[in-house]
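Asker: Here it is: the structure, laid out below.
No value in this document is a laboratory result; all are computed from the given coordinates. What you see is a predicted model; the values in this text were computed from it and never measured. No Cβ is skipped: glycine too gets one built from the backbone with ideal geometry, and neighbour counts run over all protein chains shown.
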Amino acid sequence: MNFELSEEQRLICDTADRIGADFGPDYWLAKDRTKAFPQELWQAICDAGLCGVALPAAHGGTGLGMQEMALIVEHLAAAGGGATLGQLFMINPIFGGVSLSRYGSPEQQAALPGLVAGKMNFCMALTEPDAGSNTLELRSFARADGDGWRLNGQKIWITGVKEGHKMLVVARTRRVEEVTRRTEGLSMFMIDIDRAGLSYSLIEKLGTNTLSSCSVFFDEVRIEPGELVGTLHGGWFELLEVLNTERIVTTAALVGAGHMAIRQAVDYAKLRKVFRGTPIGTYQGVQFPLAQAHAQLECARLMNLKAAWLCDQGQPYGSEANTAKLIAAQAAMQAIEHAMQTLGGMGYARESHLERLWRDARLFRFAPVAEEMVLNYIATHDLGLPRGY
């Protein structure tokens, strides 16, 4: 396996670094404080052609792949965005781009150039209050209504609703008790957020303040026949493809956030002197935790790039994507914690940016998939142990 970046990939990374420098930690601090969507940054990303890096050229993208997207997210996160940077790519190139480019009709794919240009934002309504990670038990139901459907139900922790224009909704079109296998009867729809019967309320939360999180309610929402994405009643495996690519951008952002924290700690440890006038960076008690976190981040990074490479080759990559996300979430939190400890009191100050990195990264220990569910997957899928849930 060749680990050397191509010239094109290096140029892409340089572009991401340049944009990241223009919208650094202070920009993100201001957006976090005001709970504002980073529109200026996202537009710069789109103007540079980075949003559509993994989308077909026919739809306004550059026709590359998930490897390039992972590199872009990692570099932008390390420059200041932190873990929440990945959410920008989740809601748009993943929830909107992957779903429509792979499973959408030609009419639906006409929206992709607007996504690539930064003129249209997306979100995905999947999680429900009573289902959580058990997607097969979701209860939102779209019943047949003439040539379309009527949707009723509730979703929770839906990212980007307030800022979005289109919503990828996952609902049952056959109830659990009506199918022989629970994987049957799920369908995906792409609908307008501004629609009669669709309402939402904001959830106050600890971090990731630059994107809203909402409870969403569907009350007899009309869905037109042309809004079905993929296969009616057969959307489960198509949904998994969307979710596995989501893991890749999540991991990339966590790796970037961890490296940003370590970089700050190293810079501080080289300058900070105590007691005998020796920089604290010479102490192994400071060095070893940062070195350990760095090693774990690098392992997660390589596994993530393997997952992205397999994805681009059309090969199975679920195990790699899940493993990378598991390790990255733990390593990023350790890196940020150790960086805060290195800075001491200043690590607790907002101006150091570490407390924002900590608040944002903490989410990804249990989202978009909880580490316990990842361990369940590894135990049963990779190790062949019996399923206990």
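Asker: Taking every pair of Cα atoms in region 237-389, average 1/r, invert it to obtain the Kirkwood radius, and report Rg/Rh to two decimals.
Answerer: 1.07
Asker: Looking at the square roots a ≥ b ≥ c of the eigenvalues of the Cα gyration tensor of region 125-219, which shape do they give, rounded for a/c under 1.5, prolate if a/b is larger than b/c, or oblate?
Answerer: In terms of gyration-tensor shape, oblate.
Asker: Whose amide H sits under 5 Å from the amide H of Gly118, counting only residues 5 or more places off or on another chain, with H placed in the peptide plane?
Answerer: Here the answer is none, since no amide H 5 or more places off falls under 5 Å of that of Gly118.
Asker: Further question on the same structure: For the chain, report the translational diffusion coefficient in µm²/s to the nearest whole number, using Stokes-Einstein at 25 °C, 0.890 mPa s, and a Kirkwood Rh over Cα pairs.
Answerer: Rounded, D is 114 µm²/s.
Asker: Can you list which of the DSSP-assigned H helices in the chain have a Cα extent of 24 Å or more along the long axis and an average Kyte-Doolittle score of at least -0.5?
Answerer: 236-271, 284-312, 318-343
Asker: For region 79-127, build the convex hull from the C-alpha positions and give me its volume per residue in Å³.
Answerer: Per residue, the Cα convex hull of region 79-127 comes to 87 Å³.
Asker: Shifting gears a bit: Exactly which GluC sites (Glu not before Pro) in region 1-42 are in a DSSP loop and have at most 14 other Cβ atoms within 10 Å?
Answerer: Glu4
Asker: For labels at Arg222 and Arg365 in the simple 7 Å Cα→Cβ model, what's the distance in nm?
Answerer: 4.7
Asker: Further question on the same structure: About the Cα centre of the chain, how large is the charge dipole given +1 on each Lys and Arg Cβ and -1 on each Asp and Glu Cβ? Please answer in debye to the nearest 20.
Answerer: 1020
Asker: While we're looking at this one, here's another question. Set Lys and Arg Cβ to +1 and Asp and Glu Cβ to -1, take the dipole of region 339-389 about its Cα centre, and tell me which of Tyr348, Phe366, Leu383 lies farthest positive.
Answerer: Looking along the dipole axis, the top candidate is Tyr348.
Asker: Please report, in debye to the nearest 20, how large the charge dipole of region 77-153 is about its Cα centre when each Lys and Arg carries +1 at its beta carbon and each Asp and Glu carries -1 there.
Answerer: Using only the charged Cβ atoms, the result is roughly 180 debye.
Asker: Where in the chain lies the longest segment free of trypsin sites (Lys or Arg not before Pro) that are both loop residues by DSSP (not H, G, I, E, B) and have at most 11 other Cβ atoms within 10 Å?
Answerer: 1-174
Asker: Excluding same-chain residues fewer than 8 positions from Lys325, which aspartates and glutamates have a Cα within less than 16 Å of its Cα?
Answerer: Lys325 reaches Glu74, Glu241, Glu246, Glu298, Asp360, Glu371, Glu372, Asp382.
Asker: Looking at Met66, Phe288, Val221, which one has the Cα that reaches farthest to the positive end of the dipole of the chain (charges on Cβ: Lys, Arg +1; Asp, Glu -1)?
Answerer: Working it through, the farthest residue towards the positive pole turns out to be Phe288.
Asker: Could you give the dipole magnitude of region 61-213 about its Cα centre, charging the beta-carbon of Lys and Arg +1 and that of Asp and Glu -1, in debye to the nearest 20?
Answerer: 180
Asker: Expressed as cubic angstrom per residue, what is the convex hull volume of the alpha carbon set of region 250-333?
Answerer: For region 250-333, the hull spanned by Cα atoms encloses 73 Å³ per residue.
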